[in-house]
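In what follows, a single structure is set out as structure tokens and then discussed.
The values are calculated or read from the model by the stated rules, or taken from the named source; none is laboratory data. Bear in mind that the values here come from a model prediction, so they are computed numbers and not experimental data. Glycine also receives a Cβ, built like all others from the backbone with ideal geometry; neighbour counts cover every protein chain displayed.
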Amino acid sequence: MMVMMVKQFPVLQKSGQKIYVDWDCLNEDWALKIHGQTLKRLAERGGLSPEEIFLNVECKKASEIKNITASLASDLVNKIRIN
């Protein structure tokens, strides 16, 4: 039986709790455009906040972060969460 390994991307949490989302759900081009960094580098630096992950998955402009509620971001993170 072959086991598929899912690549983990860290989510920054105010609580300090370690959670991860499926790396393959994130958009590399968006990360480069918005942050000027690869997903690998962002992961090395601790990851993205739930709101930033929402913007990444939905390919929204960084200026739209103010429109993302914690609940909306959390719902999306929970859908792609792997732990």
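Residues in the range 46-61 that are among the β-branched types (Val, Ile, Thr) and surrounded by fewer than 20 Cβ atoms within 10 Å (Cβ to Cβ): Val57 only.
Is it the case that Gln37 is touching a residue at least 60 places away in the same chain (Cβ under 8 Å) and of a type outside the set (Lys, Arg)?
Taking the combined requirement at face value, the residue does not satisfy it.
With Asn56, Asn27 as the choices, which residue is touching a strand residue (DSSP E or B) at 6+ places or on another chain (Cβ under 7 Å), of a type in the set (S, T, N, Q) and touching a residue at least 12 places away in the same chain (Cβ under 8 Å)? Spell out the reasoning first.
Working: Asn27 fails: touching a strand residue (DSSP E or B) at 6+ places or on another chain (Cβ under 7 Å).
None of the other options fit; the residue is Asn56.
Residues that are surrounded by 12 or more Cβ atoms within 10 Å (Cβ to Cβ) and in a loop (DSSP other than H, G, I, E, B) were ranked within the range 62-83; the one that is modelled with the lowest pLDDT is Ile82.
Of all residues in the range 1-46, which are in a loop (DSSP other than H, G, I, E, B) and in contact with a Phe, Trp or Tyr (Cβ under 7 Å, 6 or more places away or on another chain)?
Lys7, Leu26
Are any residues in the range 3-45 surrounded by 13 or more Cβ atoms within 10 Å (Cβ to Cβ), farther than 17 Å from Glu58 by Cα and among the small types (Gly, Ala, Ser), and if so, which ones? Hit for the range 3-45 is Ala43, nothing else. Of all residues in the range 47-61, those satisfying the criterion of being closer than 16 Å to Lys14 by Cα and either part of a helix (DSSP H, G or I) or modelled with pLDDT under 95 (or both) are Pro50, Glu51, Glu52, Ile53.
The residue that is nearest to Leu76 (Cα to Cα), among those in the range 1-58 that are under 12 Å from the mean Cα position of the chain (by Cα) and among the small types (Gly, Ala, Ser), is Ser49.
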